[in-house]
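Asker: Take this structure, written in structure tokens, and hold onto it; I'll ask about it next.
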Amino acid sequence: MVVIKIDVTPTDLANIRFGYTPLMELMSSYRVLKRPEKRALYHRWAEEADNAIHDIDLPYLHTMATVPFYIPDFLTATPATTIINFEDEIQRLREVPLEVLRKNVEYAMKMAGESDILRHFIIYPREAMECLIEELRIYWHRTLAHHWSHMMSVLDGDVLYRARSLALDGTKAVLEGLHPELQLVKHQLVYTGSEKPDYVKKDYTLNGTGVQLVPGIFVCNLTWQIEPEWHPMLSYQARGTGLWWVENKDMPDESLEIALGSGRARVLRMLSTPASTGEIAHFLDITAGAASQHLSRLQQAGLTEPRRSGKRVYYHLTRRGEKLLALFA
């Protein structure tokens with residue numbers, strides 16, 4: 001069943017860009033935390049986060065993050081490029097035009113019903129925003145800030161992979177690779193994922209400005225934001241999502257090294273970001289011959305695969321490789 005259809009022009013397809021933002025990760029992570037069916041992939045982080053915020057109430061964040069089928073757009077504004085600093089997001093929130101703020105909150109009311117907090121945003125929007133900002137900061141620093149550098153590593157790896165795929169395989173392959181139920185049919189993107197209520201808009205038309213692709217660690221399904229106030233955006237689950245917690249360990253996982261051998265385990269971990277043989281050898285301080293041998297064995301096992309970009313060959317994890325690393329997380 002078709003969930004959304006997006007009419008795109010050749011100019012839109014020629015102007016695909018990438019970026020990500022910490023605030024989108026924050027909002028998505030809170031939704032995951034409050035949805036038991038989504039927590040399995042993030043169970044270790046979820047347990048840590050539960051403990052980190054067990055002693056505080058976050059009513060403004062909770063209200064905004066748990067609206068059915070919607071997060072207010074001002075909290076998921078399309079990033080023009082990668083945003084690294086969380087405080088930059090806070091500054092942007094303070095500058096959201098009041099008409100946009102009220103429009104988004106009114107739509108949240110339509111989806112979730114009225115509440116004291118949503119009414120607060122309508123009547124005293126700047127005051128309510130400061131209450132929300134205070135809670136966002138608390139949640140960020142307790143649950144995600146210490147993980148952010150490792151999360152960025154996974155997100156950067158995804159962007160690098162998609163950008164190379166765009167150059168090698170073309171736009172259709174990149175777009176359809178974002179989600180199994182997303183297809184580019186002539187000049188229309190068609191998504192047949194999870195069903196939405198009838199009152200959720202399902203038909204969109206882009207105007208040639210292009211589309212921003214935004215990977216996310218905590219994005220469980222394809223999401224979209226196509227509103228006049230923001231650049232068109234598709235957000236999707238990044239490759240290697242199960243790997244970000246592995247990178248947060250202080251010590252390497254010995255069981256993976258026992259299963260694969262120390263050298264191949266180190267190479268497999270490094271390929272959460274695609275790399276060439278020379279880059280692997282340099283980073284791991286081994287010879288190019290040793291790196292090539294490890295890559296050959298990993299490829300034979302179906303854990304990695306090569307892709308050519310110009311004169312260079314880059315190796316990256318297959319789905320099997322990602323699942324193996326997630327298993328040893």
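The values are calculated or read from the model by the stated rules, or taken from the named source; none is laboratory data. Since the structure is predicted, the reported quantities are computational estimates derived from the model, not experimental observations. Here the Cβ positions follow ideal geometry from the backbone for every residue, glycine too, while neighbour counts run over all protein chains shown.
Asker: Restricted to the stretch 64-114, and to residues that are small (Gly, Ala, Ser) and surrounded by 14 or more Cβ atoms within 10 Å (Cβ to Cβ), which residue is farthest from His231 (Cα to Cα)?
Answerer: Ala112
Asker: Give, as residue ranges, the strands (runs of 3 or more DSSP E) completely inside the stretch 101-214 that count at least 3 residues that are among the aliphatic types (A, V, I, L, M) and not assigned by TED's automatic domain parsing to the domain that holds Lys38.
Answerer: Details: elements: 182-185, 188-191, 203-205.
Here the list reads 182-185.
Asker: Given the condition surrounded by 19 or more Cβ atoms within 10 Å (Cβ to Cβ) and touching a Gly at 6+ places or on another chain (Cβ under 6 Å), answer yes or no: does some residue in the stretch 142-156 qualify?
Answerer: yes
Asker: Quick check on the stretch 66-85. Is at least one of its residues in a helix (DSSP H, G or I), touching a Lys or Arg at 6+ places or on another chain (Cβ under 8 Å) and either in contact (Cβ under 8 Å) with a residue 60 or more places away in the chain or under 19 Å from Tyr139 (Cβ atoms) (or both)?
Answerer: First pass over the stretch 66-85, keeping only residues in a helix (DSSP H, G or I): 73-75.
Cutting the leftovers down to touching a Lys or Arg at 6+ places or on another chain (Cβ under 8 Å) gives us none.
Within the stretch 66-85, not a single residue is in a helix (DSSP H, G or I), touching a Lys or Arg at 6+ places or on another chain (Cβ under 8 Å) and either in contact (Cβ under 8 Å) with a residue 60 or more places away in the chain or under 19 Å from Tyr139 (Cβ atoms) (or both).
Asker: Pairs needed: first member in the stretch 100-114, among the charged types (D, E, K, R); second member anywhere, in a helix (DSSP H, G or I); C-beta distance under 8 Å; at least 6 residues apart or different chains.
Answerer: Partner pairs satisfying both residue conditions: Arg102/Phe121; Arg102/Ile122; Arg102/Pro125; Glu106/Ile122.
Asker: In addition: Applying the selection to the stretch 302-316, what residues are modelled with pLDDT under 85 and in contact with a helix residue (DSSP H, G or I) (Cβ under 9 Å, 6 or more places away or on another chain)?
Answerer: Arg307, Arg308, Ser309, Gly310, Arg312, Val313, Tyr314, His316
Asker: I'd like to check something: does the stretch 307-321 contain any residue that is part of a helix (DSSP H, G or I), free of Cβ contacts under 8 Å to residues at least 24 places away in the same chain, charged (D, E, K, R) and at negative phi?
Answerer: Step one: of the stretch 307-321, the residues part of a helix (DSSP H, G or I) are 319-321.
Checking which are free of Cβ contacts under 8 Å to residues at least 24 places away in the same chain leaves us with 319-320.
Filter once more, keeping what is charged (D, E, K, R): 319-320.
Subsequent filtering for residues that are at negative phi retains 319-320.
Looking for residues that are part of a helix (DSSP H, G or I), free of Cβ contacts under 8 Å to residues at least 24 places away in the same chain, charged (D, E, K, R) and at negative phi, one finds at least one in the stretch 307-321, hence yes.
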